[in-house]
Amino acid sequence: MTDHKLKGAARVPVAADEARTQAIRAFTARACPEDVARQVADHLIEADRSGVESHGLVRVLQYAREFETGLLDATARPTATPDAPNRIAVDGRGAIGITAMKLAVETATEAAQAQGLALSTLVNAGHTGRLGAFAEASARVGCLTIILGGGDRKRWRMVAPHGGTQALLPTNPWCIGMPGGDRGPVVLDIATSQVAGGWIYAARAAGVHLPEGLILDRHGQPTTDPEHWFDGGAILPKGGPLGYGLALVAELVGEAMLGPVDKGEINWLVLSLDTSNYRAAPLLQSAAEDILSEIRASTPVPGGPPVSVPGERERDRHSREAEAPLMLPAPVWDAIRALA
């Protein structure tokens, strides 16, 4: 529920079609197939439309750089192999993670609809984009889906454990999506750190500082300068012991259970449950709306916005801005055009 829009960045209006064209060119110029480039560009634009700038078009800079350095294989395509009727192994094969995660969630969802409960694992994939988009799609067809990832702490030392100052863990995201009430699914999509790593990259690219309370410098002192994180600093865990505990569990699942990370960022587990095994969709929706409407109607803190439900703010923003130009940080847009 944190605001993922950078503050203080000079912005330029960019038509979505123009942004899509430039992003596709940036990817295809680095050997990425056009259909994959388009799918990734659309995903990033939808993230920006939803107000999640940390996972929006700023990621074009990261993905292009990873294609160039060989961290990602621009030509690879993920594969899905059933290990059992309700268990699927997805191998990203070093590809960009957005296509791989989409495959992992879709195969787990389809198997859950047939078997009641299913899981998929995902390895060897790059950055997977905005997880909430995938969990929401699964929730819309009646499944409760849980996604968690971790297991590459030796390469992605980004977050300090609670009570510590040294970066030892990745941001290890969790995402939960389930059918909701009258306004659609409930989607909780969080990094276990105070801020996603992509937001720090975005702040650096835009030339702005971060809000207070997110990162430490290399000496363990609070700072708002994104360069201090790149220079040996650490992100704080979200909610102190809560984020730290979730990150540690995800790290154990990702490495101790799924094995060492070979290619890509981290390893992933996707669990999907068909909720109709417990309650028919109309009854679930009615009961959920009874809960959610009471939450929305609760009294907000003085001077604060109305209380919202996870996932609804992003959908509302997307609806409001569906036809409007994207307002991108000027340095980010200039960098994307240069790559294209």
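Okay, helix-only estimate at 222 nm for the chain: each DSSP H run of n ≥ 4 adds -39500 (n - 2.57), divide by all residues, round to 500 deg cm²/dmol; what do you get? Don't jump to the answer; show the numbers that get you there.
Values: 11 runs with 130 residues, N = 340.
Result for the chain: -12000 deg cm²/dmol, rounded to the nearest 500.
Which shape class applies to the chain: rounded if a/c is under 1.5, otherwise prolate when a/b exceeds b/c and oblate if not, where a ≥ b ≥ c are the square roots of the Cα gyration tensor eigenvalues? List each step's numbers first, then the result.
Details: a/c = 1.25, a/b = 1.14, b/c = 1.09.
Rounded.
Just flag the trypsin sites (Lys or Arg not before Pro) in segment 132-241 sitting in loop per DSSP whose Cβ has no more than 16 other Cβ atoms within 10 Å. Walk me through the numbers on the way to the answer.
Values: sites: 140, 153, 154, 155, 157, 183, 204, 218, 238; in loops: 153, 154, 155, 157, 183, 218, 238.
Answer in residue order: 154, 155, 157, 183, 218.
Between the DSSP loop rule and a limit of at most 12 other Cβ atoms within 10 Å, which chymotrypsin sites (Phe, Trp or Tyr not before Pro) in segment 229-323 are left? Kindly include the intermediate steps, with their values, before the conclusion.
On the way: sites: 229, 230, 244, 268, 278; in loops: 278.
Passing both the DSSP loop test and the Cβ count: 278.
How much net charge surrounds residue 147 when only other residues with a Cβ under 13 Å from its Cβ are counted (Lys, Arg +1; Asp, Glu -1)? Provide the component values of the computation, followed by the final result.
Details: positive: 102, 130; negative: 106, 136, 189.
Net of charged neighbours comes to -1.
Looking at the square roots a ≥ b ≥ c of the eigenvalues of the Cα gyration tensor of segment 14-146, which shape do they give, rounded for a/c under 1.5, prolate if a/b is larger than b/c, or oblate?
Details: a/c = 2.61, a/b = 1.51, b/c = 1.73.
Verdict is oblate for segment 14-146.
Between segment 252-304 and segment 185-209, what is the separation of their alpha carbon centroids in Å?
Here the answer is 19 Å between Cα centres.
Which shape class applies to segment 193-240: rounded if a/c is under 1.5, otherwise prolate when a/b exceeds b/c and oblate if not, where a ≥ b ≥ c are the square roots of the Cα gyration tensor eigenvalues? Please report the intermediate quantities before stating the final value.
Details: a/c = 1.75, a/b = 1.23, b/c = 1.43.
Judged from the Cα gyration tensor, segment 193-240 comes out oblate (a/c at least 1.5, b/c at or above a/b).
Remind me, relative contact order of the chain in percent, using alpha carbon pairs under 8 angstrom and six or more residues apart?
Working: 767 pairs, mean separation 78.5, N = 340.
Value for the chain: 23 percent.
Taking the Cα centre of the chain as origin, work out the dipole magnitude from +1 charges on Lys and Arg Cβ and -1 charges on Asp and Glu Cβ, in debye rounded to 20. Show your work: numbers first, answer last.
Values: 32 positive and 39 negative charges, 70 e Å.
Dipole of the chain, to the nearest 20 debye: 340 debye.
Show log10 I(q)/I(0) for segment 172-267 at q = 0.15 Å⁻¹, two decimals, from a solvent-free Debye sum over equal Cα scatterers.
Those come out to -0.74, one per q.
Based on Cβ point charges of +1 for Lys and Arg and -1 for Asp and Glu, what charge dipole magnitude is obtained for segment 33-138 about its Cα centre, in debye rounded to the nearest 20?
Details: 9 positive and 14 negative charges, 26 e Å.
I would put it at about 120 debye.
Coordinate-derived values only; no laboratory data. All figures in this text were calculated on a predicted structure; none of them were measured in a lab. Note that each Cβ is placed from the backbone with ideal geometry, even for glycine, and that neighbours are counted across all protein chains shown.
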